[in-house]
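**Q** Before anything else, here's the structure in question.
The values are calculated or read from the model by the stated rules, or taken from the named source; none is laboratory data. Since we're looking at a predicted model, the values are computed, not measured. Positions of Cβ are generated from backbone atoms using ideal geometry, with glycine treated the same way; all protein chains shown enter the neighbour counts. In case anyone asks, the SASA skips ligands and DNA or RNA and just uses the protein heavy atoms, side chains included. Shrake-Rupley method; radii C 1.70, N 1.55, O 1.52, S 1.80 Å.
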Amino acid sequence: MTATIETTPASPARRRATTVLAWLGLAGRLYLGYTFITAGIDKLPHPETTRQAVFAYQLLPWQWLTAYAHALPIAELLLGILLVVGVFTRSAAVLLALGLCSFIVGITSVWLRGISIDCGCFGGGGASTDPHYLEHTLRDVGYLAIATYLVVVRRTALALGDWLFGHRD
Amino acid sequence: MRVKEVWYVVGLSVVSLAVILVGLWFVRHELRTRVQPPPAVLMWLAYAGVVAVVVFGAARTSWVVLS
């Protein structure tokens, strides 16, 4: 016995909505991708500064700091590029969402513990007399919302992945 | 130990659990509804990785905040 899948053609309104969502996805991809490429490029040449910035959070075991400081900018850069070109978009968005959750936890935990630091999100970091915890937390929540949208929407416009691997669903 | 820290850890635990449950729903939904889903074993391995990161992050942060 062979199974058949019956498909109903999408209505014009539904097709329009899908197209709008796909173009919104493209906007989200470019914005988030550009943001993380910038963050990666800012940190990449200065691993020691990044290590000091991560150390200031007093969260990770010290043995991990050097590896984390080297891996973070590379991961940000690669995931940002994947988003901009639209290859493995949803996987990249899931990883970015996880990373953003960790940044939010890091920032709110230093805020709670009364430690005054600069977040070091785009290079720099370390002790600061003028931390912007609320601003940085809200910004990361916004980025998290975009990453979540990219996971949920499934398809975005002008994605290289569609041409390379074919659009699946 | 102050009340504020305890509530932070409670909130973090609740959010972490929610992330794990939403992830579980997401993987099952993807495997059920996608026309050509990736191999199930790959999806579940990725999910296990996410759970490990979330549990480690929540546990480590809770320990640091409460100590």
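**Q** Just subtract the alpha-carbon distance of B:Val53 and B:Lys4 from 0.36 nm times their residue separation and send over the number in nm, one decimal.
**A** Numbers: separation 49, 0.36 × 49 = 17.64 nm, distance 2.45 nm.
Fully extending the segment from B:Val53 to B:Lys4 adds 15.2 nm.
**Q** Which of the three applies to chain A, rounded, prolate or oblate, going by the alpha-carbon gyration tensor with a ≥ b ≥ c and a/c under 1.5 meaning rounded?
**A** prolate
**Q** At 222 nm, what value in deg cm²/dmol follows for chain B if DSSP H runs of at least 4 each add -39500 (n - 2.57) and the sum is divided by all its residues, to the nearest 500? Spell out each step's value before the answer.
**A** On the way: 2 runs with 58 residues, N = 67.
That comes out to -31000 deg cm²/dmol.
**Q** For A:Ala157, list long-range residues whose amide hydrogen, built 1.01 Å from N in the peptide plane, is under 5 Å from its own amide hydrogen.
**A** A:Trp23, A:Gly25, A:Leu26
**Q** What does the charge count near B:Val65 come to, summing +1 for each Lys or Arg and -1 for each Asp or Glu among other residues with Cβ under 14 Å from its Cβ? Working shown, then result.
**A** Values: positive: A:Arg113, B:Arg2, B:Lys4, B:Arg60; negative: B:Glu5.
Net of charged neighbours comes to +3.
**Q** Also, I was wondering about something else. Mind checking how much accessible area B and A bury in total, 1.4 Å probe, in Å² rounded to 100?
**A** Its buried surface, counting both partners, is about 1600 Å².
**Q** Going by average Cβ neighbours within 10 Å, how do the peptides A:93-102, A:64-73 rank, with the highest at the top? Can you show the working numbers first?
**A** Details: A:93-102: 21.3, A:64-73: 16.2.
Going by the mean number of other Cβ atoms within 10 Å, highest first, we get A:93-102, A:64-73.
**Q** Hey, how many Å between the Cα centroid of region A:58-83 and the Cα centroid of region A:98-112?
**A** 15 Å
**Q** Moving on. Please get the size of the charge dipole for region A:8-102, origin at its Cα centre, with Cβ charges of +1 on Lys and Arg and -1 on Asp and Glu, quoted in debye to the nearest 20. Can you show the working numbers first?
**A** Values: 7 positive and 3 negative charges, 114 e Å.
Dipole magnitude for region A:8-102 comes out near 540 debye.
**Q** Mean residue ellipticity at 222 nm from the helices of chain A, using -39,500 (n - 2.57) per DSSP H segment of n ≥ 4 over the full residue count, to the nearest 500 deg cm²/dmol?
**A** Theoretical 222 nm ellipticity from helices: -23500 deg cm²/dmol.
**Q** What is the percent carbon and sulfur in the accessible area of the protein assembly as shown, measuring with a 1.4 Å probe over the protein chains and ignoring ligands?
**A** Numbers: 9990 of 14070 Å².
In the protein assembly as shown, the share of accessible area belonging to carbon and sulfur is 71 percent.
**Q** What does the accessible area per residue of region A:2-89 come to in Å², with a 1.4 Å probe and no ligands, DNA or RNA counted?
**A** Values: 5540 Å² over 88 residues.
Per residue, region A:2-89 has an accessible area of 63 Å².
**Q** To the nearest 10 square angstrom, how much accessible area does A:Thr89 have with a 1.4 angstrom probe?
**A** Using a 1.4 Å probe on the heavy atoms, I get roughly 20 Å².
**Q** Taking 8 Å as the Cα distance limit and 6 or more residues as the minimum spacing, I'd like the relative contact order of region A:42-81 as a percentage. Show your work: numbers first, answer last.
**A** On the way: 21 pairs, mean separation 17.3, N = 40.
The value is 43 percent.
**Q** Something else: Which residue, A:Thr129, A:Thr156, A:Thr19, tops the fluctuation ranking in a GNM of chain A built on C-alpha contacts under 10 Å?
**A** A:Thr129
**Q** Please list the non-local residues whose amide H lies under 5 Å from the amide H of A:Ile117, H modeled 1.01 Å from N, same-chain partners needing a gap of 5 or more.
**A** A:Ser128
**Q** Mind giving me the FRET efficiency for A:Thr129 and B:Ala18? R0 is 35 Å, r the Cβ-Cβ distance, nearest 0.05 is fine.
**A** Using R0 = 35 Å, I get an efficiency of 0.50.
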